[in-house]
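Computed from the coordinates by the stated procedures, all read-outs in this text should not be read as laboratory data. These figures come from a predicted structure and were not determined experimentally. Glycine also receives a Cβ, built like all others from the backbone with ideal geometry; neighbour counts cover every protein chain displayed.
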Amino acid sequence: TDRLVPGYRDATRGHREVPASEVEAHEEALPEPGEHDFEPDVERIHRPLFREPRDPIEGREPAPWWLWAVAAVA
């Protein structure tokens, strides 16, 4: 027997209840040959974010270059 997903109804087909196997099949579906996959590749999207340098801890930001120059001249 197919269990139903609690509280999930299909708004496009007469508000029928959707079985869990149908939801799981959609989650694991692959596009047909020649079709475009509209599911985003989350790892590809977030990869550039992981390459960005982290923000410094509050209060530990590096001093600006002009402050170093003034200290060296003084």
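A few remarks follow.
- Normalised contact order of the chain, rounded percent, pairs of Cα under 8 Å and 6 or more residues apart: 16
- Cβ crowding within 10 Å, taken as a proxy for footprinting-reagent exposure, orders ASP10, ASP55 from fewest neighbours to most as ASP55, ASP10.
- As a proxy for reagent exposure, ARG9, ARG54, ARG44 were ordered by neighbouring Cβ count within 10 angstrom, fewest first; the result is ARG54, ARG44, ARG9.
- Percent of Cα-Cα distances greater than 16 Å, calculated over the chain: 75
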